[in-house]
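The values are calculated or read from the model by the stated rules, or taken from the named source; none is laboratory data. Computed from a prediction, not measured in an experiment: that's the story for all the values here. Please note: Cβ atoms are built from the backbone with ideal geometry, for glycine as well, and neighbour counts cover all protein chains shown. Areas reflect the complete protein model, heavy atoms only, side chains present, ligands, DNA and RNA absent. Shrake-Rupley method; radii C 1.70, N 1.55, O 1.52, S 1.80 Å.
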Amino acid sequence: MSEFQGIHEECGVFGLFSNNQTDAAGMAYYCLYALQHRGQESCGIVVNHDGLFYSHKDLGLVSEVFVPETMQKLPQGKIAVAHCRYGTTGGTNRANCQPLEVNHIKGKLALAHNGNLSNAFELRQELEMGGAIFHSTSDTETIAYIVTQKRIHSASIEEAVLEAMKELEGAYSLVMMSPTKLLAARDPHGFRPLCYGRTEDGIYVVASESCALQSVGAKLVRDIEPGELVVFSDQGVQSLKQQVGTKERTNCIFEYIYFARPDSVLDKISVHAARKRAGAVLYERDTYDADAVIGVPDSGLDAAMGYSEAATRAGKKQIPYNLGFIKNKYIGRTFISPGQDNRVSQVHIKLNPIEEEVRGKRIILVDDSIVRGTTCAQIVKLLRDAGAKEIHMRISSPPFMNPCYYGTDVDSRENLIACKHSVEEIAEIIGADSLMYLPLEALPVLCGHDQICTACFSGKYPTRIPTDTRKDRFETPLSQSEKGAKGKGQQE
Ligand code: SF4
């Protein structure tokens, strides 16, 4: 449901290294297409042909930005980086499109970033005080500045990146390209995923998620370790681990619950299997009997399946997994006339219940999360109108209580319904007969270990909280009163 509620991942990143000239842009296109769920506001590809960079970036979906005429203009190359973006920091404008390209005294660099730094504000202020001029309002330009600064005094680009990693705090999965190398780095906490694979003919592909590798026929080799820098060059693949283990590993648990595609494997854990385990936990804790389990498309489906399978395994009573909704696959960016807002439910345009599957039944309705509650209420109403007898809402994550500072737009507390209402009150607000969330202590069950970030649920942040957490923090300076409030230890 988060897709309807407006929770977004920030970005998807891609990199390619081949020993021979290849259709790098074409492979980047297909990988970005597979990563489109991670960012739909802008996208870009930079191809390296004999050390020269050729790029195209714009606002829009991959299919809108990379039309055939544009693709034809990008040459073959041995290295490429690409990016799709939903901006959690910085506005939606062309200056914030990635990959970012910089020219420095020792060459060129193109850089694509997923995540948010928790010390971006301080780093940028320091650079600006030293005379740096920024063109964009995203954290990524700060990273590019620091890497290029380090490059001046380093013997190689990899040495410069390792030095820069010592200064960066927070979430970053980075893919970078120099005239001769592809570099992929992941922050020591490992918030955002990053992996690489290889095609049969020896092309290396780096991507945010393994589903992108498969889309170009590459087999997953392995995840990039938290804190690791992997360098792909004519000399082969080199792993540099100076930053590995310098911080506590905290993979984002919400990648498994909602952000990642269910056919991806993140840090050796299948997203589909993790979601099914969440559904099983919900079943094990449930006290209601039901006639069918339905998942809200798409991110509630796997957990609903897991719920039903757990019921079968328990052998008490089978609760069949039913297809309760049809999702309109062609919804795209549907124009909703402002005047129609009150009469036509936006959710109804995207989802339609199958009456035969719900009429007269007691339904367990499974979804990944509740943010404000408005979308959830509309979905419950759709089922009621289709004749459901009882609707028991089950959520495959704990209640959202805190904002995320690591590259997603899980909202500020005033917009999170669970910060203002009890579970019983929320059930009433959304119109469900009962409501149950996944308990906080069950989160490690999803991925089989407890080295996870749960901050948006638990409030336990693995890093210090950023000084300024506003989305437009690099566009609008803090007022004096806001500065005062921050100084008094306010959390946001
Ligand atoms: Fe993921 Fe939530 Fe942590 Fe953000 S705060 S990284 S969404 S678990």
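Projected label points at Glu159 and Asp263, each 7 Å from Cα along the beta carbon direction, are separated by 4.4 nanometres. Relative to the Cα centre, the charge distribution of the range 152-218, modelled as +1 at Lys and Arg Cβ and -1 at Asp and Glu Cβ, gives a dipole magnitude of about 100 debye.
Subtracting the Cα-Cα distance of Ser63 and Gln346 from their residue separation scaled by 0.36 nm leaves 99.5 nm.
When the pairs Lys57/Lys276; Lys108/Lys219; Lys327/Lys389; Lys316/Lys389; Lys268/Lys420 are compared against a 27 Å limit on Cα-Cα distance, Lys57/Lys276; Lys108/Lys219; Lys268/Lys420 fall above it.
Just how large is the dipole of the range 133-292 about the Cα centre, in debye to the nearest 20, putting +1 at every Lys and Arg Cβ and -1 at every Asp and Glu Cβ? If you can, show how the numbers build up before the last one.
Details: 18 positive and 23 negative charges, 49 e Å.
So the magnitude is around 240 debye.
Could you check what % of the DSSP bridge pairs in the chain are antiparallel, to the nearest 5? Mind dumping the intermediate values first?
Values: 66 of 84 bridges.
DSSP beta bridges in the chain are roughly 80 percent antiparallel.
Length gained on full extension, Val237 to Arg222, computed as 0.36 nm times the residue gap minus the Cα-Cα distance: 4.1 nm.
Could you grab the relative contact order for the chain? Cα pairs under 8 Å, six or more apart, rounded to a whole percent. Provide the component values of the computation, followed by the final result.
On the way: 1169 pairs, mean separation 72.2, N = 492.
Relative contact order, the chain: 15 percent.
The range 180-256 and the range 361-378 have Cα centres spaced 35 Å apart. Roughly how many Å is it from the Cα centre of the range 71-142 to that of the range 395-442, as a whole number? So the separation of the two Cα centres works out to 33 Å.
With R₀ fixed at 35 Å, the C-beta to C-beta distance from Arg464 to Asp298 puts the FRET efficiency at about 0.50. When a 1.4 Å probe is rolled over the protein heavy atoms, the share of accessible surface on the range 191-244 that falls to carbon and sulfur comes to 44 percent. In this calculation the C-beta distance from Gln72 to Lys317 is compared with R0 = 41 Å, giving a FRET efficiency of 0.10. Listed values for the range 188-195 are Karplus-derived 3J(HN,Hα) couplings in whole Hz (6.51 cos²θ - 1.76 cosθ + 1.60, θ = phi - 60°), namely x, 7, x, 4, 9, x, 6, 9, and x replaces Gly and Pro.
How large a share of the accessible area of the range 58-189, in percent, is made up of carbon and sulfur atoms when the probe is 1.4 Å and the other protein chains stay in place?
On the way: 2440 of 4680 Å².
Reported share for carbon and sulfur atoms: 52 percent.
Note that the range 127-241 presents 35 Å² accessible area per residue, ligands and nucleic acids not counted, probe 1.4 Å.
By accessible area, using a 1.4 Å probe on protein heavy atoms only, the range 383-450 has 51% of its surface on carbon and sulfur. Distances between placed amide hydrogens fall under 5 Å for Thr22 paired with Gly77, Lys78, all partners being 5 or more residues away or on another chain.
At 1.4 Å probe radius, can you tell me the per residue accessible area of the range 44-114 in Å²? On a per-residue basis, the range 44-114 sits at 39 Å².
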